[in-house]
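> Could you have a look at this structure, given as structure tokens, before my questions?
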Amino acid sequence: MTPGAEVATALHGYLACRHDAGSTTALPLLLLVPEADAPDWLATPMPWQCEVKSSNDSGQAGFDLFSLDVWQCTPSPCFVDAGHLAALVAFTQESWALLGLELAEQHEAAQLLIAPLCEGFASPLCPPGEATCLLRAADSIDWATVDAVVALRNARGGGAEAAAAAGRDALSRLGPSLLQRALEASSAHSSSSEASNEWLEQLVSAGSGSVRGLLVVATYSMRPYMLKRVWCQCLAGKERVACPSRGREKGLPMDPPPLLDFYRDRYGIADLDPGQCILEAAEGACFKPYSCPGHFHTPRLSVRLCEEGCIDGAPEAVQMRVGSTSASSAQPCKEVSEAGDDQPGPIRLLPELLIAYPLPAKVQETLRYLPLLCRKMLRHQKLTALRRCTYCLIQASDLPAQRVLQARPFVKDVYGSTPRHALRLEARLLDTLRSERFSCVELAAMHTSPVMPSHVDVEWMLEVATTTSGACEPYELGRVAWIGDAALLFIAVTSVLLGCRDIDLQGLRNSASSLVSNQCLACLAESPPLRLHEFLVTLPFSSRLTAASAKASAQRTSKKASADLLEALLGVVVLLVGLRGVHTFLHSLHWLEHLNTSAQGKQQKSAFPTWQRSEAERSDRTSRARWLGYAAMRTHVSAWLLSRRPDLGIDGLSKLRLIMMTEGIVKVPFEHRERLERVGEPWMEEGRSSRDIVRCATDTGSADEALVVEAFETAVGAACLAVDNLSEVWKLLAGCWLAVGDLCRPDA
């Protein structure tokens, strides 16, 4: 493998590390991704979690949380020449074949290659984050194991004669047969004995970790088998070939030949030891992949993904220790059912014709996680593409400004009927709004690159924004879509107010309604460069393990679903870079060009020339300020609630927002309203201002709450139009909400 060679392929390597009982152990498989599709997780590991079906010591079924950190090996890819690349492809195909999964059904898995790690790399890691922990993918691959597995696969594909020839040679290259090993272990010399058969029984029953049985390969066909039982009382010299199942079912007379005669006539193998025992192999796949929960089961969230490391007040199942796959907590479900005691199953093999499969035991155990690992990695490859597209639209640098040793994208609180978690950055949304420079007077695209979190944090946010409740995950897009909807309305109102100054208020409302309609949003979401329907997840993880189901979940959705998906993505943009980023994002999509022609036809120019000052014009001017104030107030109170109530879903948040925008405004102390009035006073015209309305309602003791709300909205809108930076308005509004914060307390 020579870097820079013309035929070399650039691959990025990823190392998965399992967390179990406080220890961290690298899985002995390296995930290899083409450079163009490779996620950038350098120095910040990507935390994964997945629940798999398991059983405890008493055999009771349950679920076990599989917790991983996936590390990018090096910042630069390794270069693999054509020969080694072909070997990796063959090794990956053989691994899927051991699982019984056809590559035709798992065509997406071909995008992801796997390779066994050398023994030194499959040990507990040193503290993560140090440069010494990053390994070179090319140097860490166990090429000897790859070559041995590929040789068996190639021999099997060459036909019966080639397989037989390769099988004879395999005895010397890959080790002795099981019979030879049993004879050596039992001190026997020439023929089988009771001791050698008992040794074989112990070898097969011991298994390896979660793998029940022994993986072998038949030297006469090079086909792999998983041995599940040894029949010491059944000897090869007395055994016959098993009757076909159809014959047994229909009761047809069957006279199977002796087993030794079958091998002699079929494969030309004679002089077999008649005293060796019979080995029973499992039907179907050699390994049974781990199963995941199906519909109506929401996995618990790993505490390693939560900011405070624990989940207080969550169901008891959530408080269980995570990442455990050891025998002390839960055991994986058995791969095969116990065989009967009367006779061996239909697949009967002889120890003399079997050798151990040239795959280390740790790699065999890890193969059971292969469908989960591949589906997770393929999902994050898509999220990486979505992140890069989003960064391009908001004009942000693709280089992460922040790198952390452990990403914690969620908070500990849960919400909803099934426990789901809010994003950590939601609690910092108010700080994001206050720190950005955004003006309603002059909208402009973002020219300076904002400070972005790590790519791992951003891709987890995109994972949440593209996951529906039907996926049965401990998160869903509801909350981020809720804040995205509020930000969208504010940007729409601001854009049409500044872009259509000569249009009356009703025409402006029609234009804004057109911009935020499901039809417009769905058009943006489903068109290039976004094509968000390809990222939407609507099925549980167990249903996404097959390519057919994954493809079905990526079909075009309804306009409402596509609109919600775009609003969720806008919510992520708000959390990352604020409202200015939302405007830049929509501006890059040429959003204003999607104004509905029917809405444009309803727009009417003002009957009053711009130089004429009239009471009607002042009224229209105040109505515009009130409309903008409503949108701004709705956006900020949404952000305020989102940051303070991570325990609520969208229904609870919407209920509180309505209370804060009606009852809450009425209870806001007068001094807070007065501060808003002073900020917006330069913009207000002479005449009866909103301050006069507020004083009238207050001084006379008027119970007209609508009048107070109207005055407050007008004051907020005037303040937005009077300042060069909305951070001042956001600060005043935060004081208003804090003054009436008791209305949204959990015990209110």
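The values are calculated or read from the model by the stated rules, or taken from the named source; none is laboratory data. These numbers come from a predicted model, not from an experiment. Here the Cβ positions follow ideal geometry from the backbone for every residue, glycine too, while neighbour counts run over all protein chains shown. Heavy atoms of the whole protein, side chains included, go into the accessibility calculation; ligands, DNA and RNA do not. Shrake-Rupley method; radii C 1.70, N 1.55, O 1.52, S 1.80 Å.
> What figure in square angstrom, to the nearest 10, would you give for the accessible area of Glu663 with a 1.4 Å probe?
About 80 Å², ignoring ligands and nucleic acids.
> While we're here: Measure up Lys362/Lys382; Lys228/Lys288; Lys559/Lys655; Lys288/Lys362 against 21 Å on the Cα-Cα distance and list the ones that go over.
Lys362/Lys382; Lys559/Lys655
> Roughly how compact is segment 12-86, stated as its Cα Rg over 2.2 N^0.38 Å to two decimals?
Working: Rg = 16.1 Å, N = 75, 2.2 N^0.38 = 11.3 Å.
Ratio of Rg to 2.2 N^0.38 Å for segment 12-86: 1.42.
> Also, quick follow-up: Whole-Hz ³J(HN,Hα) for each residue in segment 182-187, computed from phi via Karplus 6.51 cos²θ - 1.76 cosθ + 1.60 with θ = phi - 60°, x for glycine and proline: what do you get?
Running phi through 6.51 cos²θ - 1.76 cosθ + 1.60 with θ = phi - 60° gives 5, 5, 5, 5, 9, 6 Hz.
> Ser192's amide H: which non-local residues (gap 5+, or another chain) put their own amide H closer than 5 Å, with H modeled 1.01 Å from N in plane and none for Pro or chain starts?
Gly275, Gln276
> Of Ile659, Ile503, which has the most accessible area and how do the rest follow, probe 1.4 Å?
Ile659, Ile503
> So, by mean Cβ neighbours within 10 angstrom, what's the order for 625-635, 255-265 with the highest one leading?
Descending mean neighbour count gives 625-635, 255-265.
> To continue, here is another question. From the phi of every residue in segment 521-538, what ³J(HN,Hα) in whole Hz does the Karplus formula 6.51 cos²θ - 1.76 cosθ + 1.60 yield, where θ is phi - 60° and glycine or proline is x?
Listing the rounded values in order: 5, 5, 4, 5, 5, 8, 9, x, x, 7, 6, 5, 4, 6, 9, 5, 10, 10 Hz.
> What's the ranking of 367-379, 730-742 by average number of surrounding C-beta atoms within 10 Å, highest first? Intermediate results must be reported in sequence, preceding the final value.
Values: 367-379: 21.9, 730-742: 17.6.
The peptides rank, most packed first, as 367-379, 730-742.
> Counting only residues 5 or more places away or on other chains, whose amide H sits under 5 Å from the amide H of Cys234 once H atoms are built in the peptide plane?
The list, which skips near neighbours in sequence, is Ile278.
> What are the residues whose amide H is under 5 Å from the amide H of Cys286, where those residues sit 5 or more places off or on another chain and H is modelled from the backbone?
Gly100
> Please report, to two decimal places, log10 I(q)/I(0) for segment 620-690 at q = 0.18 Å⁻¹ as given by the Debye formula with identical point scatterers on the Cα atoms and no solvent.
-0.82
> Considering the Cα positions of segment 350-445, please state its Rg to one decimal place and its Dmax as a whole number of Å.
Spelled out, the Cα radius of gyration and Dmax of segment 350-445 are 23.3, 86 Å.
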